[in-house]
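Below is one structure; the comments refer to it alone.
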Amino acid sequence: MLARFFDADESRCGLCARRCRILPGETGFCRVRQNVGGTLYTKTYGRLTACGTDPIEKKPLNHFLPGSTTLSISSFSCNFTCLHCQNHELSQCPDADTAEAMPMNIISSAKETGVQSISFTYNEPTVFYEFMYDTAREVKRAGLKTAMVTNGYLSEEAQKEIAPYMDAVRVDLKAFSDAFYRDVCGGAALQPVLDTIVRTKELGCHLELVTLLIPGLNNSEEELSSMLEWEMETLGPAVPHHFTAFYPMYKMRDVPPAAYSHLDAAFRLAKRAGLYYPYTGNLHHPEGTTTYCPDCGAVLIRRRGYLADASGMENGRCSRCGRRIEGVFE
Ligand code: SF4
């Protein structure tokens, strides 16, 4: 399948912030976009490694149709090479065993399973952008919602094109330093991710952030305070932000897991910074899995595992004081 966002004069792919120069016979950093005789092709179109239902809370998305199920779609490869990737068998694979599908097959599966949304997830969806774009358009036509789980490295032009067809975007804000993005994520940088986060909000998509806390690498009080200060100044207090606990994984098996105290410290810091909706994940921390009304403090959504009980809300508002809660609840 022909790949988009290719400047043939410069042999440059413009799909993500890496903007690889790909000469004939070569592939880009993600290894799935290939220049064949001056034309760029993608290897991932319609090639699925997963198509199954999940609770939306698993993404995690806490303010997007809580308690609903979503159809998770993935392909293979990534434009990052994170040392701690939990899906490295998919993300670091340049070619995988896949099932062939077209966008209309996804719609049929969605209707059969009765989900309310389709999520592009598990591996970085930027590297199967063309299929995600075609599918998201069909999903919207079918009256369902769409969500993208991303590292936030897609280019401005790619993001702007898909935004009208993407209801929710969950971005990994992996750290707040260039050094982390360079050393842990494979020579990446922080600023393109921040730009994507800001644009997501400007483009009117529902936004949630996730930071996986890795002890000693991205969880110092100084770094998290800088992150939260930027977030409050740039996005305001109402973007849900999930702080999740690291477990030793892939090429980072020598780093200890995050402890309850790391998670709780980040959660308290976010509260003190003024965030309305800080959350925690991967460790039992009941306060960090509950949604509270920022005005009256009532419990709106209580979660246990991936189960969500939103009986404290009605039509997207706090049942006690009537405050509208930021997110997509209808
Ligand atoms: S998607 Fe990104 S990593 Fe892949 S070829 Fe294009 S610019 Fe390079």
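What follows is calculated from the coordinates using simple rules that are stated; it is not laboratory data. Bear in mind the structure is a predicted one, so any value in this text is a computation, not a measurement. Backbone-built Cβ (ideal geometry, glycine too); neighbour counts: all protein chains shown.
With a Förster radius of 45 Å applied to the C-beta separation of ALA259 and ASP7, the computed FRET efficiency comes to 0.40.
Here the dipole of the range 194-274 is about 260 debye; that uses its Cα centre as origin and unit charges on the Cβ of Lys and Arg (positive) and Asp and Glu (negative).
Binning the alpha carbon pair distances of the chain at 20 angstrom intervals from zero yields the distribution 32, 59, 9, 0, expressed in whole percent. For the peptides 296-307, 196-207, the ranking by mean Cβ contacts within 10 Å, running from highest to lowest, is 196-207, 296-307.
The charge dipole of the chain, taken about the Cα centre with unit charges on the Cβ atoms of Lys, Arg (+1) and Asp, Glu (-1), comes to about 500 debye, rounded to the nearest 20. Once both labels are positioned 7 Å from their Cα atoms along Cα-to-Cβ, the gap between LYS160 and VAL36 label points is 3.1 nm. If R0 equals 30 Å, the separation of the Cβ atoms of ARG182 and GLU221 corresponds to a calculated FRET efficiency of about 0.85. The C-alpha atoms of the chain define a longest principal axis, and helix 103-113 lies at about 30 degrees to it.
Axis of helix 221-234 versus longest Cα principal axis of the chain: the two differ by about 80°, to the nearest ten degrees. The residues packed around TYR153, meaning those with a beta-carbon under 9 Å from its beta-carbon, carry a net charge of 0 if Lys and Arg are +1 and Asp and Glu are -1. Each other residue within a Cβ distance under 11 Å of SER225 adds +1 if Lys or Arg and -1 if Asp or Glu, for a net charge of -4.
Between LYS251 and ASN315, the FRET efficiency from the beta-carbon distance, with R0 = 56 Å, is close to 0.75. Evaluated over the Cα positions of the range 187-300, the convex hull gives a direction-averaged projected area, one quarter of its surface, of 8.0 nm².
Considering only beta bridges that DSSP places wholly inside the chain, some 50 percent are antiparallel.
Measuring between their Cα centroids, the range 51-107 and the range 190-244 lie 22 Å from each other.
Computed per residue of the chain from DSSP H runs no shorter than four, each worth -39500 (n - 2.57), the mean residue ellipticity at 222 nm is -7000 deg cm²/dmol.
Under the simplified labelling scheme, the MET104-VAL299 pair shows an inter-label distance of 4.8 nm, with each label point 7 Å from Cα along Cα→Cβ.
The range 248-285 and the range 119-160 have Cα centres separated by 28 Å.
Neighbours of ARG47, meaning other residues whose beta-carbon lies under 12 angstrom from its beta-carbon, give a summed charge of -3 when Lys and Arg score +1 and Asp and Glu score -1. When PHE246, PHE76 are sorted by how many other C-beta atoms sit within 10 angstrom of their C-beta, beginning with the fewest, the order is PHE246, PHE76.
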